[in-house]
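Enquirer: Could you have a look at this structure, given as structure tokens, before my questions?
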Amino acid sequence: MDDMSQDVEVPDVVDYLWRWFFDLSRGRSSGMNGPSPLSALEIDAWLRLTGNIVSRSDFEAIMDMDAVYRNQFSIEQAAIAEREKG
């Protein structure tokens, strides 16, 4: 997740979600198809280690952010592959 910028501007009211998502993503594994989805078990372990308390809506938002991130990654990888074809 090294390419994900922490410099993205987000509203103050959801800044904590962005920081949590970035923190979770640092430990993300990747495979042949790009970044692996965050699992509930990984999030649970992160919660126990950090002491953060996540509401159901926060959890759903993090999962949605993860889906958008992985989708955007796939789009960018496809564009790179297309450019490399020449």
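Enquirer: Does the range 22-37 hold any residues that are part of a loop (DSSP other than H, G, I, E, B) and surrounded by 15 or more Cβ atoms within 10 Å (Cβ to Cβ), and which are they? Full working, then the answer.
Expert: As a first pass, look at the range 22-37 and keep what is part of a loop (DSSP other than H, G, I, E, B): 27-29, 32-33, 36-37.
Within the range 22-37, ARG28 is the sole residue that qualifies.
Enquirer: Sticking with this one: What number of residues within the range 47-66 satisfy the criterion of being without any contact (Cβ under 8 Å) to a residue 24 or more places away in the chain and of a type in the set (A, V, I, L, M, F, W, C)? First the steps, then the outcome.
Expert: Step one: list which residues in the range 47-66 are without any contact (Cβ under 8 Å) to a residue 24 or more places away in the chain, which gives 47-49, 51, 53, 55-57, 59-60, 64.
So of that shortlist, the ones also of a type in the set (A, V, I, L, M, F, W, C) come out as 47, 49, 53, 59.
Residues flagged as without any contact (Cβ under 8 Å) to a residue 24 or more places away in the chain and of a type in the set (A, V, I, L, M, F, W, C) within the range 47-66 amount to 4.
Enquirer: Is it true that some residue in the range 57-69 is among the charged types (D, E, K, R) and not in a helix (DSSP H, G or I)?
Expert: Of the residues in the range 57-69, the ones among the charged types (D, E, K, R) are 58, 60, 64, 66.
Next, only the ones that are not in a helix (DSSP H, G or I) stay: none.
Checked the range 57-69: no residue is among the charged types (D, E, K, R) and not in a helix (DSSP H, G or I).
Enquirer: In this structure, does ASP64 turn out to be out of contact with any helix residue (DSSP H, G or I) (no Cβ under 9 Å at 6 or more places or on another chain), closer than 19 Å to VAL10 by Cα, charged (D, E, K, R) and surrounded by 12 or more Cβ atoms within 10 Å (Cβ to Cβ)?
Expert: Details: out of contact with any helix residue (DSSP H, G or I) (no Cβ under 9 Å at 6 or more places or on another chain): yes; closer than 19 Å to VAL10 by Cα: yes; charged (D, E, K, R): yes; surrounded by 12 or more Cβ atoms within 10 Å (Cβ to Cβ): yes.
Spelling it out, ASP64 is indeed out of contact with any helix residue (DSSP H, G or I) (no Cβ under 9 Å at 6 or more places or on another chain), closer than 19 Å to VAL10 by Cα, charged (D, E, K, R) and surrounded by 12 or more Cβ atoms within 10 Å (Cβ to Cβ).
Enquirer: Give the range 38-56 a look and list any residue that's in a helix (DSSP H, G or I) and not acidic (Asp, Glu), or say none. Don't jump to the end; show me each part of the working.
Expert: Filtering the range 38-56 down to residues in a helix (DSSP H, G or I) leaves 40-50, 56.
Selection gives ALA40, LEU41, ILE43, ALA45, TRP46, LEU47, ARG48, LEU49, THR50, ARG56.
Throughout, read-outs are computed from the coordinates displayed, never taken from laboratory work. Treat the numbers as computed from the prediction; the structure is a model and nothing was measured. Note that we place each Cβ from the backbone using ideal geometry, even for glycine, and neighbour counts take in every protein chain shown.
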